[in-house]
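Below is one structure, written out as structure tokens, with a few remarks after it.
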Amino acid sequence: MARKVEIINEVPDYVPKKKKKEEKMENPLEKRTKLPDFSEKYEEDLKRKLFEEDLKRMASKNVNEDEEESEYYETDRKMVHHKRDGDWDVPIGEDIKYFDPELSYEITGYRPINMTQGLDFDPTPFQATGKIYTDTGKYTEYPPKTKPYNDFWTEQLRRCTEGYTVGKYRITGDQYFFLNFYRMQTVAQDAVKDTTGRNESFPSFVAKQYEFFHYIEICEYIGKDVCLLKSRGMGMSEILADLAVRPFITTRKFRTLLTAAADDQLDPLLDKAWYQLNWLNSNTNGGMKRSRQKVDNISQKRASLLDKDNVERGRFSEIEGRIANNPRKVRGDRVERLVYEEAGSAPNLIKSWVQGTALVELGGKKIGIKIALGTGGDDSGQVAGLARIFNNPLAYNVLPYKNSYTLDGKVAFTGFFIPAYEFALDPKYVDHRGVTNSIEFKKYYEAKRALMEGQDLLTFCAEYCFTPNEALLKQGDNLFNAELLSDQITQIRVFKNYTKPEQTALIWDGNNEGKIKAIPSKSSKLLVVEPPLLDKDGQPYKNLYVAGIDSIDVGANESATDYDVSDFCIVIKKRMFGMEPPKYVAMYKDRPNDIREAYEMARKLLTWYNAKAMLEYTKIGIQRYFQNKNCADVFMARPEYATTVKNRMKSAKRLIGLPATEAVIKHGLELIGMYVNEYVSEIDFDEMLEQLLNYSYEDKRKFDIVAALGQSEIADEELTGVTPTTINNRNKTWQDVGYYRNDKGYIEYGVIPKKNTWETRWLN
């Protein structure tokens, strides 16, 4: 007698059934008896070693040609993943420090499928269930309340939860659900029209999506987070909806929180998720129906039923959407997946990302993951936060992704990146495995680029990007060269090709306020790239350094209600000095509780570099502070072009600083732009580059560093024709120094002789 199975209007909670041994398919997850422990001790070494290993390998004299082709070999096998002769390159139990798409991973059953690997892969078996529905309009002919019907849906739920293996290839549960149960608008030839008139079908198998699904699953297993940066038009929002809907259907008490910075970003994502839930309720004959009687509104849904006593029962899986334009809104109950849609548009993303950690951890143990998705060409002016997470994965608990999507083709370890040429929909660029011919498809985009120029080209390159730095090009005001700035940011963050600013504290040397002593300090907000250049007598040069100050009149305690309040900022610029290019050598940016702390830091900094400063004349707090210290003469006088005729006709009273007129501000911005175009490689301050890249004139009060740069550039302009000088200790007079030609015509450096002053040659 057949066993009686009780079925209500939904399939019962999924309980894996015991199957006959011959019926059970191989699943690499079932081999995993214990999740590998991820050792944090490797992270610091990783930062140091990741870029060294290839060089070590090439330098080794003992590596033969066959080994070089077959094995990714490093000196320290415990540190770096490598190609193995066995079944898995990275077996269960080996620490996963980063994800290399060229290697296989036993923990999820990932095997590379690309232009040179996985040539025997056939996606057809993985799409068979969806194909049945496409052909027949039904998933199964078995009637409800029968054993074959129950077995069918139990197996489908198992595949959607555990993944599905055919031969030596496995897809994740999320991707199985995506291929067979997720409906989306498509250009597929087998698309059918639903009652709304939309052309829709199940997604096609895409190899790059397969890679990304495995990357997510690895992150979930080892307790890492996800940061994805991509080109436009790749359907990744559909995948985000899938990542919410699949566990809602299959997994009890699974909570997904979808966030975005604005309604027009969140609503489309929620619409996709709600459409899928409704479609499954109507088209699976009860197999994946999930009632939502208790919580069912436009921003939140919960899988549950109300019994006859009006008591809520059921799976209690949830999907919630929340506008997260403020870090405080990313708080609440624990969630298994926290999604940041269009993360490049999120204000204060870093703070939201850090605070969001509390939602995916319990007692220091990871119970969920954070997923940030950004799209190339974001024009919100908020892309800096996404760029920071993407380019510094270890610092933000993101699993590094090994790739060569860089300007020079060098290996980088960043967040997950998908360039435009790796994702094609046109069949002439995609093979039967779902692999895009990236070489030919890149030519397609290159041909389009060749027809464009100027801003149009910049916008197109950002939206249909080849490299991460193209994707992170900000499209707002574009007052400064975004391409140059992005390249320099890449040099700093990815290739570490810069002089690292050092946190430095300045103290008065004894009771003598004329001398400064600099000491390292991890708590200091002063960043120094280069200390002041001293002459042979140990004295700082005069007119070699200039400063720009964006001052404020109150500290943090006095303006706690102002969320977007400005910071105090001072920058020090070393002017052109002989053959040395002009360079920004120091920067201080802070808003201390007592604003006098910032004023005193500025006073020490100007003393240390023997620099004059330009500032906005309306900022009277710093002027009064310096007057009380008897050193207000460090402030430069107002340029003549910024002085009205009326003021010039007044008394000879010295006017300090610049008026904050539109003409003056824009002149400063023009000078900054000229400096960026010629000397961007001399900027070593990450935050300075970020502000320049993201600058918006409409929101100019948010960009304190740029404001200070404008002041310093005008100060430098005012000293045009004025050469750096050094002190003559014998008569205490300043002397011109630099490069000049001696009587024989040879170039020399030093104090310029008076008789040769007329033939001085400043070398560029």
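Sorted by average packing, counted as other Cβ atoms within 10 angstrom per residue and highest first, what order do 601-614, 434-447 take?
Those peptides, ordered most packed to least, come out 601-614, 434-447.
When you filter the GluC sites (Glu not before Pro) in the stretch 653-715 for DSSP loop state and at most 14 other Cβ atoms inside 10 Å of their Cβ, you are left with GLU698. Each Lys and Arg adds +1 at its Cβ and each Asp and Glu adds -1 at its Cβ; summed about the Cα centre, the stretch 143-274 shows a dipole of about 420 debye. Quick check on the stretch 678-724: take the gyration tensor over C-alpha atoms, sort the square-rooted eigenvalues as a ≥ b ≥ c, and tell me if it's rounded (a/c under 1.5), prolate or oblate. Here the stretch 678-724 falls in the oblate category.
Extending 7 Å from Cα along the Cβ direction at ARG701 and again at LYS168 yields two label points whose distance is 6.4 nm.
Given a cut-off of 22 Å, name the pairs among LYS542/LYS702; LYS366/LYS496; LYS370/LYS402; LYS138/LYS289; LYS208/LYS443 whose C-alpha atoms lie farther apart than that in the structure shown.
LYS542/LYS702; LYS366/LYS496
Here TRP153, TRP279 are placed in order of increasing Cβ neighbour count within 10 Å, fewest first, which gives TRP279, TRP153.
Extension gain for the segment GLU580 to THR733, taken as residue separation times 0.36 nm less the Cα-Cα distance, is 52.6 nm to one decimal.
If eta is 0.692 mPa s and T is 37 °C, what Stokes-Einstein diffusion coefficient results for the stretch 150-286, Kirkwood Rh from Cα pairs, in µm²/s?
It comes out at roughly 204 µm²/s.
From least to most packed, judged by other beta carbons within 10 angstrom and beginning with the fewest, TYR176, TYR697 follow the order TYR697, TYR176.
Cα gyration tensor of the stretch 408-452, axes a ≥ b ≥ c as square roots of the eigenvalues: rounded (a/c below 1.5), prolate (a/b > b/c) or oblate? Oblate, since a/c reaches 1.5 and b/c is not below a/b. Rg then Dmax, both in Å and based on the Cα atoms of the stretch 419-476: 12.4, 40. Rg over Rh for the stretch 502-718 works out to 0.94, using Cα positions for both radii and the Kirkwood form for Rh. Working from label points 7 Å from Cα in the Cα-to-Cβ sense, the GLU361 to ASP537 distance is 5.7 nm.
For the stretch 214-347, the equivalent ellipsoid derived from the alpha-carbon gyration tensor has semi-axes of 26, 17, 16 Å in decreasing order.
Exposure proxy shown here: for ASP100, ASP135, the number of other Cβ atoms within 10 Å sets the order, fewest to most, as ASP135, ASP100. The alpha carbon gyration tensor of the stretch 356-507 gives principal lengths a ≥ b ≥ c with a/c of 1.5 or higher and a/b no greater than b/c, which makes the shape oblate. The modelled label-to-label distance between ARG232 and THR134, using points 7 Å beyond Cα along the C-beta direction, is 2.8 nm.
Taking R0 as 41 Å, what FRET efficiency do you get between ILE350 and GLN117 from their Cβ-Cβ distance, rounded to the nearest 0.05?
0.65
Taking every Cα-Cα distance in the stretch 247-310 and sorting them into 5 Å bins starting at zero, the pair-distance distribution P(r) comes out as 4, 15, 24, 26, 17, 10, 3, 1, 0 percent. Amide H to amide H, with H built 1.01 Å from N, GLY374 comes under 5 Å of LEU228, LEU229, LYS230, ALA343, counting only residues 5 or more places away or on other chains.
Evaluate Rg over Rh across the stretch 195-250, taking Cα atoms for both radii and Kirkwood's formula for Rh. Taking Rg over the Kirkwood Rh, I get 1.01.
State to the nearest 20 debye the size of the charge dipole of the stretch 225-398 about its Cα centre, where the only charges are +1 on K and R beta carbons and -1 on D and E beta carbons. Please list the in-between numbers first.
Numbers: 27 positive and 20 negative charges, 149 e Å.
So the dipole magnitude of the stretch 225-398 works out to roughly 720 debye.
Since every read-out is calculated from the coordinates, none of them should be taken as a lab result. Just so it is clear, the model here is predicted, and its values are computed rather than measured. All Cβ positions, even for glycine, are placed from backbone atoms using ideal geometry, and neighbour counts span all protein chains on display.
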